[in-house]
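Visitor: Just passing along the structure, written as structure tokens.
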Amino acid sequence: MLSPDFTIVEMNDAYLRAAMRQRDDIIGRNIFEAFASPPGESGEANVAKLRISLNRVLEHREPDHIPLLHYDILLPEGGFGERFWSVTNTPLLNEAGEVAFILQYPVDVTELHRLRQASFLHARGVSGMIEGDILKRAQAVQQANEELQEERQLLRSVFEQAPGFVAVLGGPDHVFELANKAYSQIIGDRDILGKSVREALPEIVSQGFIPILDQVYASGQPYVGHGIRASFKRKPSEPLVEGFFDIVFQPVFDADGSTVGIFVQGNDITEQKRAEDELRDYREHLEKLVQERTRALEQSEAQRRQAHRMEAIGQLTGGVAHDFNNLLAIVIGNLELAQKRIADPRVDHLLENALQAGERGAKLIRQLLAFARKQSLSLESTDLPQVIGGMRDLLSRTIGPNIAIETDLASELWPVVTDRTQLEVALLNLAINARDAMPAGGKLTIAARNVAGHDLPRDLAIGEYVRISVRDTGIGIPEEFHGKVFEPFFTTKDVGKGTGLGLSQIYGFVKQQGGSITLYSEAGRGTEIALYLPRTQAAPRSGTSQESLAELDGSGIHLLVVDDDAGVRAFVVESLRNFGFQVSHAESGDKGLSMLRLHDDIALIVADFAMPSLDGLGFIQAARARRPDIPVVLMTGYADAERLTDAHLKNVPLVLKPFSLETLIKTLRESLGHRLSLIAPEGPAS
């Protein structure tokens, strides 16, 4: 009796006699150590046959026979004695079905084998012939078994090395008879041989495979599955591991065509499936990115075209506004002079009407300049809650009692850089538009919050801004008009109810100070227009000072007026002379410099900005090169904001054409300071 590692644990007396050994000499020793074979290939081959037989018993747990084994033994007197054996090795299983011992039953057939080989055996008659035939058959059986064993080993090797997982199930209960290494790796190297699928793999019972196996066994028809999902426990304490497999369940038939089992073959395609899923997800993500990028490019292209269109309109508008400002400056200025000289009430009434018309024209030009982003802005740090709160009464009176006004201002709003007056005008215009969109009443909401990062419109540089929105519950703006609402003279209002310049003025005002404006509207559900103004770190001013507009006495002060427009120049010169100033004038910057060289007593220059050859900027730079401290007042009907920020124009007051006499006189007084005497005459000098 041998243990599974081939250690001799017990033997009977007959074994000791046949082996010519004492019990104590061999018990507890490995059989191949206790019975060493003689050196040489022949001895090694005989030992290998016995070892193969014993391994077959361990593997298959079934008896194994060696009809004739040449295995020499060591004789007591020394040397090896030739021996031939007929051996049966039988497994003894424990309760778990495992091999506990191997019962080896060797029969010494040495003499019988020698008799068969002796030449006289053939002459002994029938008995000898029978014994010879028995030995021949024994050898034939042994040779066949050895060939079968080699074939079985080859098939076993092929089975184990199959590129996919392979298993053989027997009977209607689908008992595992064979499973290769690939199959064992998938299910976690479990002991499944001799067990049914239900018993060996309980986790797949609920996954729908048992009915498929039953159907294959009952019908004799194979089953082929592609990308089948299955989950196994690699270890009892671990969670289920999901995999994907291509599977074939092929029925196995016996000689009469009855199904006796199922051949399971397949491939683990989990990694391939995951790669395909990742590729699909990546492709879908890429398609989504392409779609988003395409939409973004289309939107960007539309915005670019719109920006170019608005820029072209702005350039045209600014140019036209410049010419009209010069004309209106002449008209309004001369009307004011005429009004002061003519005492007839009837004529004065006509002049007042003409002045009012001129002022309306000037306002229209200012709106066009605002859209063109060429107006002069007084930018300063502004407290938005103070501005919005201070407008509440004005807004209530403007939009009427049937519209509720709400404010939603975030706490700790940042101060912004803006022109407070222009911002108030913008909010008022938006409120009026909202009122007109809610003829039956509704709600107007003014909100403000701090924004930065990804919450900004595309046309804004990265930074910190405050978003001021005006939202109504009115009729809304149709989508086809969204791209046009900021264009000058475009309006959705009825004829006579709007000029179409309100939103365009706000657009230019916001853009000019580095901000942005957005529109969101749905027909029938209201409109929201949002202004984005840049944050400033400077603290807002607490208030504005109100200075007296008292007129002045310019006696003894020499001024120089430079303007290429003869009408504007004549109006300014005469107006200043009426206040006692000594006035020299020139129609170009070059002649103005000549005049400055001739008169060292010139105390202040009044110059136009847009002039041919040497413009206002060049003239001022040249004049200050000669007289660095001379005050300058700049007149313009076309204010180029970028150039007016030049270092040479710091502290240069700007008078926008058309301007009133009061505006001009106030600006001169501020520029000349203590050199003027404040008076309050009954009228200007004649």
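What follows draws every value from the coordinates through simple rules; no lab data is involved. Not measured: the values here are computed from a predicted model. Cβ placement follows ideal geometry from the backbone for every residue including glycine, while neighbour counts extend to all protein chains displayed.
Visitor: To the nearest Å, what is the center-to-center distance of the stretch 198-229 and the stretch 5-54, using C-alpha atoms only?
Guide: 48
Visitor: What list do you get for Asp108, Asp189 if you sort them by fewest beta carbons within 10 Å?
Guide: Asp189, Asp108
Visitor: As a footprinting exposure proxy, order Leu598, Leu112, Leu654 by other Cβ within 10 Å, with the fewest listed first.
Guide: Lowest to highest Cβ neighbour count: Leu598, Leu654, Leu112.
Visitor: Residues with beta-carbon under 11 Å from that of Ile210, excluding Ile210: net charge, scoring Lys, Arg +1 and Asp, Glu -1?
Guide: -1
Visitor: With every atom except the alpha carbons ignored, what do you get for Rg and Dmax of the stretch 380-534, in angstroms?
Guide: Here Rg and the maximum Cα pair distance are 14.8, 43 Å.
Visitor: Same structure, new question: Considering every pair of different Cα atoms, what Kirkwood radius, in Å, is found for the stretch 165-268?
Guide: 13.8
Visitor: Sticking with this structure for a sec: Just for the Cα atoms in the stretch 226-303, what are the lengths along the principal axes, largest first, rounded to whole Å?
Guide: Per principal axis, max minus min of the Cα coordinates gives 81, 37, 12 Å.
Visitor: Determine one quarter of the surface area of the Cα convex hull of the stretch 29-75, which equals its mean projected area, and express it in nm² to one decimal.
Guide: 3.8
Visitor: Straight-line reach from Lys657: which aspartates and glutamates fall under 18 Å, measuring Cα to Cα and dropping same-chain residues less than 8 apart?
Guide: Reachable aspartates and glutamates: Asp323, Glu336, Glu359, Asp563, Asp564, Asp565, Glu574, Glu587, Asp608, Asp615, Asp640.
Visitor: Would you mind ranking Lys181, Lys49 by Cβ crowding within 10 Å, fewest neighbours first?
Guide: Listing Lys181, Lys49 from fewest to most nearby Cβ atoms yields Lys181, Lys49.
Visitor: Also, I was wondering about something else. Tell me the Rg and the Dmax, in Å, that the Cα atoms of the stretch 53-119 produce.
Guide: Cα only, the stretch 53-119: 15.4, 53 Å (Rg, Dmax).
Visitor: Let me check I've understood the local charge: for Asp600, count other residues with C-beta under 11 angstrom from its C-beta, Lys and Arg +1, Asp and Glu -1. What total comes out?
Guide: For residues surrounding Asp600, the net value is +2.
Visitor: If you don't mind, another one. Return the inverse of the average 1/r over all pairs of distinct C-alpha atoms in the stretch 206-261, which is the Kirkwood hydrodynamic radius, in Å to one decimal.
Guide: 13.0
Visitor: Enumerate the aspartates and glutamates that Lys273 could reach by cross-link, defined here as Cα to Cα under 15 Å, with residues fewer than 8 away along the same chain left out.
Guide: Glu242, Asp246, Asp281
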